[in-house]
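Readers should treat all values here as calculations from the given coordinates under stated rules, not as data from a laboratory. These numbers come from a predicted model, not from an experiment. Neighbour counts run over all protein chains shown; Cβ positions are idealised from the backbone, glycine included.
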Amino acid sequence: SRSGRWDGKKTPRRRSRRRSATEASPRPRTRDNSSRRRVIPNSLQVLHSFLAARGPFFWSAIGALALHAVLLIGPLAGGADLAPHLRLMQQMAEAPALRSVYAPAYHALGAALGSALSPAAAVKLLALGSVALLMFGFRRFQRATGLPDASAAIFCWIPYGFALSWCLPKVEAAGYGLAFIGLAWLWEGRHRRVAIAVAATFCVHTGAALFL
């Protein structure tokens, strides 16, 4: 009290500014599962937005290539059309300077892949790559000319008429894929790239190069 007398009440002690050792030590943090729960929905949203952004061409191309891969499982079936190509691949591996009436790119790639894998695996990989190049080539042509996306999605199944049939290999698919890329560049006025596309197409398939 102001008079200096003790009135019997206890005055509260001021807390020390210094914390004790137990109070100063950090408490063990509990694992916050809420942050992890937030990450999972965010990842799902990113995946959903990515899949939603893919157009009909993406899913159509995935389905066509998956079907082609399934068809290539098993023994190689090509009929009489395949025999001279396999023979030329073998001869190309033995004599790289071999001259042939066919375009050299297919047999050169087949000889290189056949030495590493097997002739049958080389033909299957080249067939799958040819149809993928055809799909990409038409997609490039479709975007350059402003055609609707549905046309590219439908075109993904066109190769089954001649490139993915029982008569493997159909290297025309790779040639026409390059030809479509050349047409896209021609539409855009990129003439130097068109010359490169024509030269590359001649190395793959001469008939497709004449299409340009």
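Straightening the chain between residue 149 and residue 70 buys 25.8 nm, computed as 0.36 nm per residue apart minus the Cα-Cα spacing.
Listed peptides 104-111, 141-148, 86-93 appear in the order 104-111, 86-93, 141-148 once ranked by packing, highest mean of other Cβ atoms within 10 Å at the front. Given R0 = 35 Å, the distance between the Cβ atoms of residue 116 and residue 191 translates into a calculated FRET efficiency of 0.40.
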